[in-house]
Each structure stands twice: as C-alpha cells, then as structure tokens.
Ligand SMILES: Nc1ncnc2c1ncn2[C@@H]1O[C@H](COP(=O)(O)OP(=O)(O)O)[C@@H](O)[C@H]1O
Ligand SMILES: [Mg+2]
C-alpha cells in the first residue's frame, strides 16, 4: 500500500525525502571503503538513511556488499560476537553451502553450530562456545575480511545502535579489540551509528578512546523546512488531498522539523482532511499528537526525581542557560549549583536533554510542548 506518511519505523521509497547531500557522502564512503560514524538524536533519520544507501549500493554494485547489523538487543560482548558472525555469514551469500562453508573455514576454532528457525530454510543463527581467548575473538572480528578476500569483493559492515557497546562490561577493552582487528582490514569498512549523543561522542571524539579518529564523523542534521514542505504537499496531492505550503510550514515549525514528528503530525492532519486541510484540522491534529505521545511522556516524568522535574520546568519555560544563577535556583527549587550539575548529568543520560557548552535544550520538541501544558 502507498502510505501517505510513515513514522515509528525506518522510512523508505517515496516516504524518504531529501538527505541528498548525506546520501551522496555516505555512498561515496561505502564505495571507497571509508569508515563512517553517524550521530544524531533518536528518530531524526539515521536508520532510514543508512538503509537507503545500503540498498542503492547493494543494487548497483556487484563488488561491494553492505551488511547491516543491529546492536540494540546485544547485552554482552559474547552476544555481539554471535550476532556479528550470524549476520556477516547470512548477508554475504544466499546459498546454504556457502554459509556452511564460510563458517567451517573461517570459524573452525569455534566449532560453530547453525540453528535454523523452524519455519524457514533461510533464517538461522550461529552459535559457538567462545572460550575468551584472543585468537577466537579475533577470528570472529576478522570474518568479514576473510569472506571479502574469498569472494573478491569489499564489504561494508553497518552497525546500528552502536552506543549499546558502551554498556558492556569492560567495554573499553572490547573497543580496543575491535579497533585493533578492524584497522588492519583492507577489504572491509564500517559504518557505526546510533543515538546516545553523549555516549557516542565520547567513544569517537575522545583521544583516550580506542575509536578516536576511526572515520568520517557525520552529525546528521534536521531536514530543511523547504524540503519538508515539498514533501508534505506532494504526499497530500498524491493521495487526492490538498494542503497549503503555509500550513505545511506550520507543521514543521511546531515540531522543530523533528523527522518523525513531522511525519506523524502531517499524517494526523491528513487523516482529518477531506479535501483541503485548514486550521481546524491542524488544531485537532495538534491535540491528537500530544495525546498520542502523552502516555510515553508520563512515563518519562514518573521516573524523575522532583529536582529533575523542576529543572525540566526551567527548560519548558524557555530558559536555556544561566541555571546556576541564584535567582533561578531559588525560583525553581533546584537546591544548589552543584545539584544543578548532577541533574543535568542525569537528564542527559536519560536522553531527555542535550547539553552543548552552556546551552541546555530539551531533545524532544513534543515533550517540551507537553511539559508546557502539564506543568506550567
Ligand atoms: N529522509 C527522511 N524522509 C522522511 N521522513 C524521514 C526521513 N528520515 C526519517 N524520517 C522520519 O523519521 C522517523 C525515524 O527515522 P529513523 O530512520 O528510524 O531514525 P533514527 O534511526 O535516527 O532513530 C521515520 O519513521 C520517518 O517518519
Ligand atoms: Mg535508528
């Protein structure tokens, strides 16, 4: 079905807009074997972008294979090795004998076992007993290089939600192992991306960290209002409805061009529109947007201390800096400037705020509107 708007999962095809510059940069990196790191807040469009470029490369190039791995569910180094080995083997071939052959040849030391899912002959996972010795671990990390040599291709390994790795125990050591193996591979490049900005920035821009200067660091920006307007108007038209560019712009403005919310908001307006969208449909959709996301926001708030909540009030009030000012500390009951520093750290860890220099902002624009309605 041709959906008018897509949100809540990675988007594709006609529902993907703009990002031409980023797509080009990424596909150049993929073709020429340059490592890439992509960072942005959640739901701005990283997964959609990488998927789009991966598909283009896999369709167009016979000598480059892009493999996609999601680290989101990996809870430990061992789990990561399993997922890594499984996906590399699965996605670099579509022939059973080749899968078995690659595992046997390149993971011999680990005695790999294939576990096929009962309802499919092509879906499997690979397991092995990983004695934590360096040789077996590097065999797994070297798998893409071995397969690339064997098939005479180059491989791009994309790892989504890469920040997950920072949660593993003794993560820095694991990162050291990865980097030391990966940097010697001449037929494999990596695209590592994810959302926890402060975690990822720490992994890639701190000199003391193993992945320092690993590759081309991309901070994904928001899609421009002009591109969104074109997109929204054309999606309405394609489905026999209409919206003015002014109203489309108003949609973008109210959610600060946040990719997922622009799509969700536009979709809500679209569902309420019979022929031409107007202010009435806009207002109803705006209320729905807040209601639909409100459940989640209540959960965010339930998990906060009263100091943290007080600090969110400051931000919802539009104040972005000067929090240690005694006036603000008193007015919003924040206790002390040392406490403010602690609050900021905790909220950053929860991915609710972004700190850049002295400036602090709420990451989620709809959460901000919701806070203004509920708290002020
Ligand atoms: N290029 C794009 N064009 C249109 N909508 C997009 C685009 N990128 C992202 N979106 C919207 O944002 C949502 C989240 O995108 P996703 O790629 O999952 O983000 P991330 O991986 O950064 O969390 C998508 O469901 C879609 O609604
Ligand atoms: Mg994603």
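Readers should treat all values here as calculations from the given coordinates under stated rules, not as data from a laboratory. This is a predicted model, so every value here is computed, not measured. Every residue, glycine as well, gets a Cβ built from its backbone with ideal geometry; the counts of neighbours run over all protein chains shown.
What number in nm² do you get for the range 303-375 if you take the convex hull of its Cα atoms and divide its surface by four?
Here the figure is 4.4 nm², rounded to one decimal.
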Rounded to whole Å and sorted largest first, what semi-axes of the equivalent ellipsoid does the C-alpha gyration tensor of the chain yield via the square root of 5 times each eigenvalue?
40, 29, 18
Sort out for me the Cα centre separation of the range 12-60 from the range 256-333, rounded to whole Å.
29
For the range 265-309, list log₁₀ I(q)/I(0) at each q in 0.20, 0.22 Å⁻¹, using the Debye formula over Cα point scatterers of equal strength and ignoring solvent, two decimals each.
-0.64, -0.70
Please list 248-254, 336-342, 74-80 highest first by mean number of surrounding beta-carbon atoms within 10 Å per residue.
248-254, 74-80, 336-342
Degrees separating the helix 279-302 axis from the principal Cα axis of the chain, which is the longest one:
60
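What fraction of the Cα pairs in the range 123-269, stated in percent, has a spacing above 21 angstrom?
Distances greater than 21 Å cover 61 percent of the Cα pairs.
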In whole percent, the Cα-Cα distances of the range 225-299 spread across 5 Å bins from 0 upward as 3, 17, 30, 26, 14, 5, 3, 1
Hey, what angle do you get for helix 20-32 against the long axis of the chain, alpha-carbon based, 0 to 90 degrees rounded to 10?
10
Helix-only estimate, please: 222 nm mean residue ellipticity of the chain, summing -39500 (n - 2.57) across DSSP H runs of length 4 or more and dividing by its residues, to the nearest 500.
-16500 deg cm²/dmol
Relative to the longest principal Cα axis of the chain, at what angle does helix 365-375 sit, 0 to 90 degrees, rounded to 10?
40
Can you tell me the order of 104-111, 47-54, 144-151 when each peptide is scored by its average per-residue count of other Cβ atoms within 10 angstrom, highest first?
47-54, 144-151, 104-111
How large is the translational diffusion coefficient of the range 19-219 in µm² per second when you combine the Kirkwood radius over alpha carbon pairs with Stokes-Einstein at 25 °C and 0.890 mPa s?
143
Antiparallel content of DSSP bridges confined to the chain, in %, to 5:
30
